[in-house]
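> I'd like to ask you about the structure that follows.
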C-alpha cells in the first residue's frame with residue numbers, strides 16, 4: 001500500500017490534500033479539505049446543507065458550477081437521497097462547454113447539533129463518500145470535508161476533474177464566505 005500526494009495546498013484560511021492510494025488492486029483517492037471562517041459553525045453547516053438540498057438558497061454555494069434540480073422533499077434526515085446536477089468546467093479542455101451530469105447521494109449520518117453529515121455516492125462514477133463537519137472555533141468555525149473515492153483505470157478524466165475541482169471549490173467557498181450573506185441580497 002503506497003500513497004502518492006497529488007495536491008497538498010496550504011491556503012490562508014485552510015488546506016487541501018488529495019492523495020492517490022493503490023490497495024488490494026483498487027485505486028482510491030483520499031481528500032481532506034479544511035477551511036476556517038469567521039461565521040459560527042451552525043450557520044456554515046446550515047449553508048452546506050442548503051447547498052446540498054436547495055443550492056439557490058445557500059449564500060456559500062457556487063451556483064455557476066452546480067445546482068440542485070430537485071429540492072429535497074421534506075427535511076434532511078439519515079437515509080434521504082439528494083440529487084445534484086454538476087456543471088463543472090472541463091479542466092482537460094476549457095473550450096469544451098460543461099455538460100450537466102446528475103448524481104445521487106445517500107445521507108448516512110446527519111446530526112445538525114454536531115454539525116455533521118456523512119454521505120455516499122449512489123450512482124457516481126467513482127464510488128465512495130465523505131464526512132462533512134463544521135467545528136466551532138473561538139472566533140468562528142472550521143469546515144472539514146474528508147472522504148475517499150474508489151475509481152478504475154479508465155477514470156482518469158474524472159480523477160483529474162476532482163483534483164482540480166476541490167481547490168476551485170475551496171477558493172469559491174472562501175470568497176463567498178468573505179462576502180457574507182449579502183451575496184443573495186443582490
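Coordinate-derived values only; no laboratory data. Nothing here was measured: the structure is a model prediction, and the numbers come from that model. Cβ: placed from backbone, ideal geometry, glycine included. Neighbour counts: every protein chain shown.
> Using only DSSP helix segments of four residues or longer, with each worth -39500 (n - 2.57), what per-residue ellipticity at 222 nm results for the chain after dividing by its residue count and rounding to 500?
Details: 2 runs with 37 residues, N = 186.
Only helices count here, giving -7000 deg cm²/dmol.
> Same structure, new question: Over the chain, calculate the relative contact order: mean separation of alpha carbon pairs under 8 Å at least 6 apart, over the residue count, as a percent. If you can, show how the numbers build up before the last one.
Values: 398 pairs, mean separation 43.0, N = 186.
Result for the chain is 23 percent.
> Right, here's the next one. Taking only Cα atoms, what is the 0 to 90° angle, nearest 10, from helix 156-179's long axis to the longest principal axis of the chain?
Rounded to the nearest ten degrees, it is 20.
> Kirkwood hydrodynamic radius (Cα pairs, Å) of the stretch 2-185? Mind showing how you got there, number by number?
Numbers: mean 1/r = 0.0589 Å⁻¹.
Computed over Cα pairs of the stretch 2-185, the Kirkwood hydrodynamic radius comes out at 17.0 Å.
> Round to the nearest 10 and give me the degree value, 0 to 90, for the angle of helix 41-53's Cα axis relative to the longest principal axis of the chain.
Between the helix axis and the principal axis of the chain, the angle is about 60 degrees.
> What does the extension gain come out to for residue 102 and residue 9, with contour length at 0.36 nm per residue minus their alpha carbon separation? Walk me through the numbers before you get to the answer.
Values: separation 93, 0.36 × 93 = 33.48 nm, distance 2.84 nm.
That pair, residue 102 and residue 9, stretches by 30.6 nm at full extension.
> Another question, if that's okay. Sorting 13, 171 on the 10 Å Cβ count, fewest up front, what's the list? Don't skip to the end; give the middle numbers.
Values: 13 18, 171 15.
So the residues, fewest neighbours to most, are 171, 13.
> Find how much the distance from residue 54 to residue 135 grows on full extension, using 0.36 nm per residue of separation minus their present alpha carbon separation; answer in nm with one decimal.
Working: separation 81, 0.36 × 81 = 29.16 nm, distance 2.26 nm.
Computed gain between residue 54 and residue 135 is 26.9 nm.
> For the residues 173, 166, what sequence is obtained by ranking on other C-beta atoms within 10 Å, fewest first?
Details: 173 24, 166 20.
Ordered from fewest to most neighbouring Cβ atoms within 10 Å, 173, 166 come out as 166, 173.
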